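One structure is given below, encoded as structure tokens.
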Amino acid sequence: MSDHPEQLMVRLQQQLAEKRAHDLYRQRKVIGSPQQVELLCNGKALLSFCSNDYLGLANHPDIARAMKRGIDRWGVGSGAAHLITGHTAAHHAFEEELAEWLGRERALLFSTGYMANIGVISALTRRGDQLFEDRLNHASLIDGGLASAAAFHRYRHADTAMLDGQLRAVESGNRMVVSDGVFSMDGDMAPLPQLTACCEQHDALLMIDDAHGIGVLGKQGVGCSAGYTQQQVPVLMATLGKAFGVFGAFVAGSETLIETLIQDARSWIYTTAPPAAMAEALREALKIVISDEWRRDHLRQLISRFRQGAGQLGLPLMPSETPIQPLVAGDADRALRWSHALAEHGILVTAIRPPTVPQDSARLRITFSATHTAAHVDRLLEALEQIQRQDH
Ligand SMILES: *Cc1c(COP(=O)(O)O)cnc(C)c1O
């Protein structure tokens, strides 16, 4: 006997109640201002330390103007997928500019990073192949692995000795190794020297998702793969809604890689191309990412100011040199308590809870933006000091 839809509703209500009981229920905040460090959140003015707008470009006047000019030139909608009539000269120019900046033969623009990761992994692997991923990879890479027909292996976070053992143990099929460049919830960097060496030794294809490194790390902001050739990091993916301040994602690499994705990446083929105006905004954002070295310098100063202050307070910092500076609370209830206490001080940092992070590692994911000031960092440290005193 099959269940009546009513019974499904009962089950869903039970699941929701369970999430509430375990402090795992998620709710959206309604933002009433542009994306910037001073946010209007549920009607309240808060100083935000939790966006991924690392360079402070999400509300940059030149990029906004480029998008408006783009609308005047191209209209609003792209009308179709890239392979039909959606791929304009604006999309094309941006891809060429990206490839040149990154020192890659080609680049391909995707609508979102989630779609890029699903599409790339599926297009590059088939039954009989072997796929290896860091356990702490972003959900989109894990989902890409689950959707792929390849055998899926996961190795302990950043443990290239374990990866090496796994690669030795399988002889058949093509091998693909996939890792975040900067881990999105921990802020630490992938061990790229070891990963590239390991992949070279075992003839494995390396894919790096640099969502949190692009624009932020390396000379001209090229990201964590700065100094690595196309041979060493053959599949380079990153998102454009974080440091770039706009929306979208790309994959960069060889002619053969990009042509394969155009033929076979279903999440790229079977979806409407993003608006051309978005591509115009991205072209302007790329110019600013390249030229505004001061944004990266300033970010580094904010990060070291925070780490020094937090260290003096004895806060549970993680070993991160990037703008992602999590404070691990442990249980979800504690992370929520800290987040609510910060809001009382006028500061917005969301609590990140399982399943986004492993059990018992709920945390405040603090992130910095080039539009924060030293005084903002000091305000955050003062609030954390008071909260810490009350929490004991
Ligand atoms: C944000 C993120 C994605 C997803 O990118 P979207 O463009 O937001 O879909 C993929 N990978 C990593 C590591 C991310 O942080």
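Listed values, structure above:
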item: Qualifying residue in region 112-131 (condition: touching a residue at least 40 places away in the same chain (Cβ under 8 Å) and under 30 Å from residue 373 (Cβ atoms)); result: yes
item: From 327, 315, residue being hydrophobic (A, V, I, L, M, F, W, C), part of a strand (DSSP E or B) and either touching a Pro at 6+ places or on another chain (Cβ under 8 Å) or in contact (Cβ under 8 Å) with a residue 60 or more places away in the chain (or both); result: 327
item: Unmet criterion (only one of (1) away from the ligand (no atom under 16 Å from the Cβ); (2) assigned to a strand (DSSP E or B); (3) among the hydrophobic types (A, V, I, L, M, F, W, C)) for residue 101; result: (2)
item: Pairs with Cβ under 9 Å, 6+ apart, first in region 61-84 and on the phi < 0 side of the Ramachandran plot, second part of a strand (DSSP E or B) and of a type in the set (A, V, I, L, M); result: 82/108; 82/109
item: Qualifying residue in region 194-207 (condition: assigned to a loop (DSSP other than H, G, I, E, B), within 15 Å of the ligand (Cβ to nearest atom) and either out of contact with any Ser or Thr (no Cβ under 9 Å at 6 or more places or on another chain) or farther than 22 Å from residue 124 by Cβ (or both)); result: no
item: Matching residues, region 74-87, being open to solvent by 30 Å² or more (accessible area, probe 1.4 Å) and under 22 Å from residue 107 (Cβ atoms); result: 74, 83, 84, 85, 87
item: Check on residue 54, open to solvent by 80 Å² or more (accessible area, probe 1.4 Å) and under 22 Å from residue 140 (Cβ atoms); result: no
item: So residue 176, is it assigned to a strand (DSSP E or B) and modelled with pLDDT of 95 or more; result: yes
item: Among (1) among the polar types (S, T, N, Q); (2) in a helix (DSSP H, G or I); (3) within 16 Å of the ligand (Cβ to nearest atom) - the single one residue 166 does not satisfy; result: (3)
item: Hits in region 2-41 (condition: under 30 Å from residue 61 (Cα atoms), at pLDDT 95 or above and open to solvent by 80 Å² or more (accessible area, probe 1.4 Å)); result: 30, 38
item: Failed item, numbered, when residue 221 is tested on (1) in contact with a strand residue (DSSP E or B) (Cβ under 9 Å, 6 or more places away or on another chain); (2) away from the ligand (no atom under 15 Å from the Cβ); result: (1)
item: Residue selected from region 119-162 under the condition open to solvent by 40 Å² or more (accessible area, probe 1.4 Å) and in a helix (DSSP H, G or I), by the criterion farthest from the ligand (Cβ to nearest atom); result: 161
item: Residues (surrounded by fewer than 24 Cβ atoms within 10 Å (Cβ to Cβ) and more than 16 Å from the ligand (Cβ to nearest atom)) located in region 224-256; result: 226, 227, 228, 229, 230, 231, 232, 234, 254, 255, 256
item: Residue list for region 91-105, restricted to those being open to solvent by less than 30 Å² (accessible area, probe 1.4 Å) and under 12 Å from residue 250 (Cβ atoms); result: 91, 94, 95, 98, 99, 101, 102, 104
item: Complete set of residues in region 42-51 that are within 16 Å of the ligand (Cβ to nearest atom) and open to solvent by 40 Å² or more (accessible area, probe 1.4 Å); result: none
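The values are calculated or read from the model by the stated rules, or taken from the named source; none is laboratory data. Given the structure is predicted, the values throughout are model-derived calculations rather than measurements. In this analysis, Cβ positions are derived from the backbone assuming ideal geometry, glycine residues included, and neighbour counts consider all displayed protein chains. Ligands, DNA and RNA are stripped out before the accessible areas are found, and what is left, the full protein with its side chains, is counted by its heavy atoms. Shrake-Rupley method; radii C 1.70, N 1.55, O 1.52, S 1.80 Å.
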